[in-house]
Amino acid sequence: MAEPLFRQLQALQEQFPGLPPVHRWHPDLCGDMDLQIRADGRWIHEGEEIRREPLVRLFASILKREGDDYFLVTPAEKWRIQVEDAPFIATQVARSDSERAPILFTTNTGEVVPLDGEHAWQLRPYGQPPQPVPYIAVRDQLFARVSRDAYYQLIDWAVEQSHGGGQTSQLWLASAGKSFLLGNC
């Protein structure tokens, strides 16, 4: 099932430079594909990891979320897949010296996402025991969990602010002229 879809995706990639307009595609559900995006960012098809990075990137380009379900979508097909946590992981982070410039995240599939007012920033529980972990919106309700390495870099850049007469404090990030909560101290 993966190879015919790969060929179809290659044709779509030529037709739509950049990301395909999956938000405009609404084909009927074809069924469930034995494809899972694991919490560690690996893409598993029929029990085997997809090691071809171009194939993972093509699949990521046609990923769509509807409610709590995830799908690979083309103009003619729609296949439900499983996602353990978030479909992407923000593996790298960079910033300029200007607080007006956005902090930039790079995902495990190569997408670059700015931390700004247009990309939602959330703290959600993750792991055992659950701890608040930052997630950033990549596109169209698809999120990336911030990796541990990137998180530690963000902590270095964060500014501590006290609240309640010094009883509690929080870490905040400045990006694109806005402030984003990184967590409590």
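The values are calculated or read from the model by the stated rules, or taken from the named source; none is laboratory data. For clarity, every value in this text was computed on a predicted model and none was experimentally measured. No Cβ is skipped: glycine too gets one built from the backbone with ideal geometry, and neighbour counts run over all protein chains shown. Note: accessible area is taken over every heavy atom of the protein model, side chains too, but ligands, DNA and RNA are not part of it. Shrake-Rupley method; radii C 1.70, N 1.55, O 1.52, S 1.80 Å.
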(request) Give, as a single signed number, the net charge of other residues whose beta carbon lies under 15 Å from the beta carbon of ILE155, with Lys and Arg counted +1 and Asp and Glu -1. (result) -1
(request) Rank VAL133, THR168, ALA144 by how far each Cα sits towards the positive end of the charge dipole of the stretch 66-178 (+1 on Lys, Arg Cβ; -1 on Asp, Glu Cβ) and give me just the farthest. (result) THR168
(request) Describe numerically, in nm with one decimal, the distance between label points set 7 Å from Cα along Cα→Cβ at ASP156 and at GLU66. (result) 4.4
(message) Given R₀ = 41 Å, what would the calculated FRET efficiency be for ARG38 paired with ALA101, taking r from the Cβ atoms and rounding to 0.05?
(response) 0.80
(message) Explain nothing, just the number: dipole magnitude of the chain about its Cα centre with +1 on each Lys and Arg Cβ and -1 on each Asp and Glu Cβ, in debye rounded to the nearest 20.
(response) 280
(request) Just add up the charged neighbours of LEU171: K/R +1, D/E -1, any other residue whose Cβ is under 12 Å from the Cβ of LEU171. (result) -2
(request) Would you mind classifying the chain by shape? Square roots of the alpha carbon gyration tensor eigenvalues, ordered a ≥ b ≥ c; an a/c under 1.5 is rounded, otherwise it is prolate if a/b is larger than b/c and oblate if not. (result) prolate
(request) Within the chain, what's the longest run with no trypsin sites (Lys or Arg not before Pro) in a DSSP loop and at most 16 other beta-carbon atoms within 10 Å? Give the range, please. (result) 101-185
(request) With a 1.4 Å probe and every protein chain left in place, tell me how much accessible area VAL93 has, in Å² to the nearest 10. (result) 30
